[in-house]
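Inspection log for the structure reproduced underneath, given as structure tokens.
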Amino acid sequence: MPLDYKKALKIAASKYEDVEREIVRNNEIVLDTVSAKVQAQICKQVNDEYELAFKFNEGKRQMNLLRLKLYNNQRRSPEAIGDPLMFTVFNTVHASLWDDHLMQTWEGRGGSGDEDVEENLNAMSTYDYDLMRKAELDYYWNWDAEFFGRGLMLMMEFDRERMVPVPELIDASTFIRDPLAKSVNGYGLKGEGAMRFGGWPIGASYWNLKKNPAYFNISMLRKDKEVANSLLDKSREARAEAQGNDMFFPKEESLGKFDNYEFQLLNWVTHIKGKKYFVTLGNRNTLLIRLTEIDKYNDRWPIEDRTLYPMAHDWDGVSIPDLTEDKQRARALLQNLALKSAKSDALPQYLFDKNKIKNKNDLNWKHDKFIGVDGSTDNAILPVQKSTMHQTVTLIMDALDQAAQRATATPEIQQGVPSSQAKTLGEINLVSSKVDTRYSMSAKLYGISDARFWNQYYRLYKFHFKDGIDKKVIRIQGALAPIWRDLTRENIISEEDPDVRIESKVISEAKRQREQEAFATFAPAVIQNPANNRRYIERRWGKLNGMTSEELDMAFPKTVDEMQAEDENILLNKNKLPTISVRDNHIEHIAIHAKASDTPARMAHIKKHREAMVVKRNNPALFPEMNAQNPMAQPGQPQGASAPATPAPSTPTQ
């Protein structure tokens, strides 16, 4: 940003022109005009906010960039050694949390068709997980959260060619934000501590901007980088220096403006007249090139944040470098002193008797060399006495290592290193269980951010996926072979937005195993009773053993009553009453009708099924064939029981 940005803004404002652009309003594309006056006002507001946020964030940002050198410093002196404490502890935590894959499960709220929407959303999100390269993004999202204290993910764009949301990782080292913010979208229903404004620098070529219709004024962009104060270049410089690379950005000006030249821009989110907007500025923050209203995202910033060790009422929390930086510096200092001491032991200094050794060249070492001395050889040369490394140094090194392990729950066993102290098997198991407890807390915190990610994923589909226009084809693994499924809006968007449940893979598997063990004890005891729903018990047992819905349908094909009840649900959803037959299995019908919309017809129809069950119970002689074929319809009646033949009554009507 220019030092005298107010003067620069006045100069730039004189060149502004009204801009006419296409925007989506109420699901329709309309023309909107951004006047020159509005552009100038927005640029001034963003620059005022930027100056406030920059001064507040600068100290923390510089400290984070310096820590990158500690993490992997390839420019240290060749004579010095670096201690890998931060790297070791960091990657132990990082590997554990990334390996424990967080699984998303969609759950409807009981409306019409929610069960089908649940199944489609689960299949689609699993398919999109690979399409969005979510595993790779999670690696870097977690990395930022663990190194900088908070990782940030932008979820705003939607790729209409692939029909999938486009998540983008924000560089946490360059993000500057509202000094009063406690998190991006705040806590609780009120969003307490939500960010008022914030942003980050990006680099983009002319043609990258040209492909996105949200940008305008891009022909007015200048080749005018501010290298001295560029957040983007300072971050790149710190990383390049840590890796031992040379700087390249001063030579960037040699590239053509309409070739691959990188314009440095500022992405900024802020409130304009009470509404949330996504703004992009160029030409050292004096030219408006994007203005996108984001109220459509449920009055939230389209940025999801992730933290490792958060603190109440605080943005930064505690990062792993916070806990290990000072200890690594101290260990490296002691190790380098020990190295120098070891070198002096290998190449010590000596005192020699000048009266006995006349020629100093005789002191140069040579194999099979004889040196003449004048007089007795006793005490002709003596080594110089010096202090040695004290045992206290080793104790301090161990104490620093243990302090880092305790702070981050990364004992030697967790790092894949045999313990330096002998421990019993019970002690090892106890340590492992406590480590899992500490890590499970972090996994649950990551689960909160992952739930917000998938909720935003659903909102993007809800806004961009058009009824009667868009179609998405996904591949799912069937019971026998992969199959392709076409999805339209009605297949993935329900009347009530579904909930998403995030579970750790480890926790989920442990929970399922406990349910399996409990159900394995329960099922054999109740499945023998013909009055109980044997079919449900068997399907539930299969689900607990990991069978998919398709596999369960193949193992337990739908009965005629289930298929008939599903067809009747279509009428019940329209508040129309189907008829009830004396041949209906009322228990199966009631179970299927429970999934229909909550209409008066549904309640009345279920009530009639229950009344029909009472009639069968009170008049068993009227239904001999039904009782023989379906003992579940009449609890207590022995299978195959018969009664004198009696004409079946006519079908009851409603």
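The values are calculated or read from the model by the stated rules, or taken from the named source; none is laboratory data. Since this is a predicted model, take the numbers as computed values, not measurements. Ideal geometry is used to build each Cβ from the backbone, glycine not excepted, and the neighbour counts take in all protein chains shown.
Table: residues versus (1) at pLDDT 85 or above; (2) in a helix (DSSP H, G or I); (3) not aliphatic (A, V, I, L, M).
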site: Val24; (1), (2), (3): no, no, no
site: Thr33; (1), (2), (3): no, no, yes
site: Val38; (1), (2), (3): yes, yes, no
site: Gln45; (1), (2), (3): yes, yes, yes
site: Tyr50; (1), (2), (3): yes, yes, yes
site: Gln62; (1), (2), (3): yes, yes, yes
site: Leu70; (1), (2), (3): no, yes, no
site: Gln74; (1), (2), (3): no, no, yes
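Among the residues making up segment 174-202, a single one is surrounded by 12 or more Cβ atoms within 10 Å (Cβ to Cβ), modelled with pLDDT under 90 and not in a loop (DSSP other than H, G, I, E, B): Tyr187. Taken as a whole, the condition of being more than 29 Å from the chain's Cα centre (by Cα), in contact (Cβ under 8 Å) with a residue 60 or more places away in the chain and either at negative phi or not assigned by TED's automatic domain parsing to the domain that holds Trp143 (or both) applies to Gln39. Restrict the check to segment 173-185 and report whether at least one residue is over 30 Å from His313 (Cβ atoms) and either in contact (Cβ under 8 Å) with a residue 60 or more places away in the chain or out of contact with any helix residue (DSSP H, G or I) (no Cβ under 7 Å at 6 or more places or on another chain) (or both). Taking every residue of segment 173-185 in turn, none turns out to be over 30 Å from His313 (Cβ atoms) and either in contact (Cβ under 8 Å) with a residue 60 or more places away in the chain or out of contact with any helix residue (DSSP H, G or I) (no Cβ under 7 Å at 6 or more places or on another chain) (or both). When Leu66 is tested against the conditions (1) modelled with pLDDT of 70 or more; (2) touching a Phe, Trp or Tyr at 6+ places or on another chain (Cβ under 7 Å), the lone failure is (2). For segment 518-553, give me each residue that is in contact with a Leu (Cβ under 8 Å, 6 or more places away or on another chain) and farther than 27 Å from Ile580 by Cβ. Hits for segment 518-553 are Phe519, Gly542, Lys543.
Just so you know, in segment 314-352 the residues that are assigned to a loop (DSSP other than H, G, I, E, B) and out of contact with any strand residue (DSSP E or B) (no Cβ under 9 Å at 6 or more places or on another chain) include one that is surrounded by the most Cβ atoms within 10 Å (Cβ to Cβ), and it is Asp316. Of all residues in segment 155-173, those being farther than 21 Å from Asp299 by Cα, buried (at least 20 other Cβ atoms within 10 Å of the Cβ) and not hydrophobic (A, V, I, L, M, F, W, C) number 1. Evaluation of Phe147 against the conditions (1) over 18 Å from the mean Cα position of the chain (by Cα); (2) modelled with pLDDT of 85 or more shows that the sole unmet condition is (1).
I want to confirm something. Restricting to segment 275-326 and keeping residues that are β-branched (Val, Ile, Thr) and within 18 Å of Leu180 (Cβ to Cβ), which single residue is modelled with the highest pLDDT? Here the residue is Ile303.
Assessment of segment 137-147 against the conditions (assigned to a loop (DSSP other than H, G, I, E, B) and either surrounded by fewer than 21 Cβ atoms within 10 Å (Cβ to Cβ) or out of contact with any His (no Cβ under 9 Å at 6 or more places or on another chain) (or both)) yields no matching residue. Taking segment 280-313 as the range and being aliphatic (A, V, I, L, M) and either on the phi > 0 side of the Ramachandran plot or assigned to a strand (DSSP E or B) (or both) as the test, the residues that pass are Leu281, Leu287, Leu288, Ile289, Leu291, Ile303.
Just to be sure, is Tyr277 at negative phi and assigned by TED's automatic domain parsing to the domain that holds Trp143? No: the conditions fail for Tyr277.
Being modelled with pLDDT under 90 and in contact with a Gly (Cβ under 6 Å, 6 or more places away or on another chain) is a property that Glu241 lacks. All conditions but one from (1) at pLDDT 85 or above; (2) among the β-branched types (Val, Ile, Thr); (3) buried (at least 20 other Cβ atoms within 10 Å of the Cβ) apply to Thr126; the one that does not is (3).
One line per residue, one yes/no per condition, for (1) in contact with a Pro (Cβ under 7 Å, 6 or more places away or on another chain); (2) closer than 24 Å to Asp598 by Cβ; (3) at pLDDT below 80; (4) assigned by TED's automatic domain parsing to the domain that holds Met613:
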residue	(1), (2), (3), (4)
Ala531	yes, no, yes, no
Ile537	no, no, no, no
Asp553	no, no, yes, no
Glu562	no, yes, no, yes
Glu566	no, yes, no, yes
Lys576	no, yes, no, yes
Arg583	no, no, no, yes
